[in-house]
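Notes for the one structure printed next.
The values are calculated or read from the model by the stated rules, or taken from the named source; none is laboratory data. Every value quoted in this text rests on a predicted model; they were computed, and no experiment measured them. All Cβ positions, even for glycine, are placed from backbone atoms using ideal geometry, and neighbour counts span all protein chains on display. When the accessible area is computed, the model is the full protein with side chains, heavy atoms only, and any ligands, DNA or RNA have been set aside. Shrake-Rupley method; radii C 1.70, N 1.55, O 1.52, S 1.80 Å.
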Amino acid sequence: MNPWAIIPFVSFIVFAVLLIVVIPQAKKRTNRLFAIFLFASEIWSFTAFLLLYNVNASTQYLIYVNGLVIAAIPLVVITYYHFLRAYNDKPGGIGVYIGYAVVLVILILSFTGNVVKDAYFEGNLLHHDIFPWEFILATILTPFLTLTLLMLVKRYRNSTDPIDRNRTAYLITGWSILLVISYITPFSPALKTLPTDHIGNLINALIISYAITRFSLLDIRLVARKLLTYIAVLGIVIGISAVIVVVGLSIFTNQPALYIILATALVTFIVIVSARPLIHIVELAIDRIFYRRTYDYRQALLNFSNKMGNILDMDELAKEMMPAMVNAMNITQTKLLFQDNESGDFKVRYAYPKIKGEMENILNFSPDSPLVDWLDKKSNPLYIEQVDNIAELKGLWHTEKEQLGGSGLGVLYPFKSRGKLIGILGLGKKSSGGPYSHEDIQLVNGITNQVGIIIENAQLYHQAKTRANTDELTGLYNHRSFHERMEQEIARGSRFGGTFSLIMLDIDLFKSYNDIYGHLAGDQVLRKVGRYLESSMRSIDLAFRYGGEEFAVILPEARLDDAYKVAERIRKTIESKTSSRAMPITTSLGVGNWPNDGVMKEEVIGLADAALYRAKQMGRNRTCLSSDVLKPDTSLIGVELEARPRALSIIYALAATVDAKDSYTYGHSRKVSEYAVAIAEAYKLTQERISTIRAASLLHDIGKVGVPDSILNKKTPLTEEEWKPIKAHPELGVEILRHVIDLVNCLPAILHHHEHHDGSGYPAGLSGDGIPLEARILAVADAYDAMTSPRPYHEPLSLEEAVEELKHCAGTQFDPEVVEVFCKIIQPPEHPRSLDIRARSEDDTG
């Protein structure tokens, strides 16, 4: 045997194995043409083997077989060209038919002896005379060879699928090697007599084999499993049949031959019929061998729609699906992205496995993102590596590309239902570092096709459930959820011996706010209060809208004093974040505790609500504990002005009028009110007088409604004429308010707050103790805030500069005693009230 014949023989074996694998999947056009190419390669390899095998063959035999080899060469080229056209989704075209016609012509000419003129061996080397056919073949095949290479290169450059690009790169490499070797061989004296072109063909065959195995041009694992299954079953059937026949013949030796034949046929038929369940058993065993530890997870995914079709809970759906996907495909992670109800962005809602310290929301895609649009329109998986090669994704923001790069994901799959994108499945990279197999892709496609409607139903159920438990206006849990959670907390506390506290909160004078600003503005306040509640409490606390303007907060494992701190933080947050150009929003809060205030839900709620009512009675904008309800010696403000809703509605309506007139006035009036109340409390005045000062402070500049805007906002010094309406505004304010019976007590402070201690003020020129105390307090508070706030006519002074100016004017413009009291309040850091007033002053001037 000629040793050089081994090369085409090995090539023949490789192509034969590939052909066996391909034939079961030859229904597809690409696979069918690939099988034809493999068959043509087999013909070339086999005829070359026949040519080289026997060095002692006759000349006529060598000429005949050599002619077949010559005809097989263009057949391989044309079939490969035909296969690549199908691979690129193109029709065969006229070039293919011309190529096959040329092959037929060469074959006929070979049979008639017009191609190979002579052929003989020298040792183990074949020599032949085919001149000028080497040049004719080169001329005919060059266009096909060139077009084949160009198609592969074009496919590689235009492909956005990394698996397809890698697969194509291997095909280019194999074809290029075959091309180079095939062109060198006939024109090289050293290689002309050797079958080196078959080395190129063998390399191409091995590369194609690797490309198929590695990059799933065909599902070899599936074919191999089926072949092994049928071979095993066939062997078992034949073995069982043979054993039965042998045993039967040994037992029934004296029976007629016809009976034996019929019995054997019957037994064989029964065995074949029973082979159907046997196929299932063998297939199951082989699948377990192939997939090993991933088998059960793959089966779970394949049966996913049957198992999960009736599940409507998104959490349970994700819990079942995500671990199975990670383990079935041996990938690093998986994420589920759904649209956020508020922003509409696609955000990570579920991730498996959860990595400690990882930011789950590292992926955040706007609905207008080119990536979301591509997934929605294409409905195809998006490989992260291909993003830079897709024209539609060139507009991705740099931050979005960074998110993708840092996510650790390998591919994004769209979840669609009824043509609408409802979610995105993110799959991590393979743990082995390799690409996704064809079977992986088919598995995920099957899941995404099945699960779209399941997820949509689960989302609809989740939304309905959320709406049933959530207040639509504030986004907090609703009244129904509050009572359910209270019962759960009581049950948990009874079982494990814990405790929890309850805060009841009500917005002060909310009806007045609605009357003045309208219900739309009131809805906005409710939303803000809901946000401030959530930002001021712990992550384990739960906020509820109890009803109307009333809210509730459940604080698990919180004692009464801890709950009081949280309540105060909530109250101060809501008060401090109220706009300075609108009616101030304050809240009253009551705090109760389980089991200290009772073991029944109604008892805890009742005492917390009673504490809230007490906070209202004591002047609002404060927090009371349930324990305070039991104290009879606490004085209540039954006669204070703030307890009269009608009067306060008038106050805030007038304040709104001033606010509309001068952009500085209402913010100024509110701060003056705070400073004046602080001074009044330091004087230990009665609650009724404090309330009078608070209302007078809010309205002390109400008379400015009669001052032209040009004067109020003038940056240069006023003229004598311009001062006249300014000095008249206290009297005008009194004229406006004197017909309101509930505001009569405020009039002296409003009328005389511009009087000076030395008698040089206006409008009456009062001096010393002749000026009402309320007016003297208001004068200091008014001047301090005017100095520390920006005005059109001056820059704000610092706290220290303003205090020095007050001290400088004490005894002339201001009552020295009032100045001394106020300076003690605004300066020392020891007194909590001082700290609060000072902090507000610094915030307002800073």
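Modelled spin-label separation between residue 242 and residue 613, with each label point placed 7 Å from Cα along the Cα-to-Cβ direction: 9.7 nm.
Which entries of 714/807; 671/704; 347/416; 335/429 have Cα-Cα distances beyond 19 Å here? Those over the limit are 714/807.
Take segment 479-631, drop everything but the C-alpha atoms, weight them equally and run the Debye formula without solvent; then report log10 I(q)/I(0) at 0.17 Å⁻¹ to two decimals. After summing over all Cα pairs, the log10 values are -0.91.
Per-residue extension of 0.36 nm, minus the Cα-Cα distance of residue 27 and residue 227, leaves a gain of 70.3 nm for this segment. To the nearest 20 debye, what is the magnitude of the charge dipole of segment 494-588 about its Cα centre, counting +1 on the Cβ of each Lys and Arg and -1 on the Cβ of each Asp and Glu? Computed charge dipole of segment 494-588: roughly 280 debye. Label 7 Å along Cα→Cβ of residue 732; segment 677-705 residues with amide nitrogen under 12 Å? Those under the cut-off are 701-705.
If you take the beta carbon distance between residue 206 and residue 464 as r and set R0 to 51 Å, what does 1/(1 + (r/R0)^6) give as a FRET efficiency, to the nearest 0.05? FRET efficiency, residue 206 to residue 464: 0.30.
Placing a pseudo-label 7 Å from each Cα along the Cα-to-Cβ vector at residue 364 and residue 812 gives an inter-label distance of 5.7 nm.
Separation of segment 75-96 from segment 490-508 is 77 Å, based on Cα centroids. Given R₀ = 35 Å, what would the calculated FRET efficiency be for residue 377 paired with residue 147, taking r from the Cβ atoms and rounding to 0.05? That pair, residue 377 with residue 147, gives E of 0.60.
Per residue, the Cα convex hull of segment 555-621 amounts to 89 Å³.
Take the Cα of residue 389, go 7 Å toward its beta carbon, and the backbone nitrogen atoms of segment 88-108 under 19 Å from that spot belong to 88-90.
Between residue 354 and residue 131, what FRET efficiency comes out of the Förster formula 1/(1 + (r/R0)^6) with R0 = 60 Å and r the beta carbon distance, rounded to 0.05? The computed FRET efficiency comes out at 0.20. Of all the accessible heavy-atom surface of segment 491-554, with the other protein chains kept in place and a 1.4 Å probe, what percent is carbon and sulfur? Taking all protein chains in place, segment 491-554 shows 52 percent carbon and sulfur surface. Pair-distance distribution of segment 735-817: all C-alpha pairs, bin width 5 Å, starting at 0; shares per bin in whole percent are 3, 15, 22, 19, 18, 13, 6, 2, 0. Rounded to the nearest 20, the Cβ-based charge dipole of segment 3-215 about its Cα centre (Lys and Arg +1, Asp and Glu -1) stands at 940 debye.
Distance between the 7 Å Cα→Cβ label points at residue 764 and residue 722: 3.0 nm. Dividing the alpha-carbon radius of gyration of segment 3-215 by the rule-of-thumb value 2.2 N^0.38 Å gives 1.01.
Sorted by accessible area with a 1.4 angstrom probe, largest first, how do 805, 392, 385 fall?
So the residues, ranked largest to smallest area, are 385, 392, 805.
Ligands, DNA and RNA aside, residue 594 has an accessible area near 10 Å² when probed at 1.4 Å.
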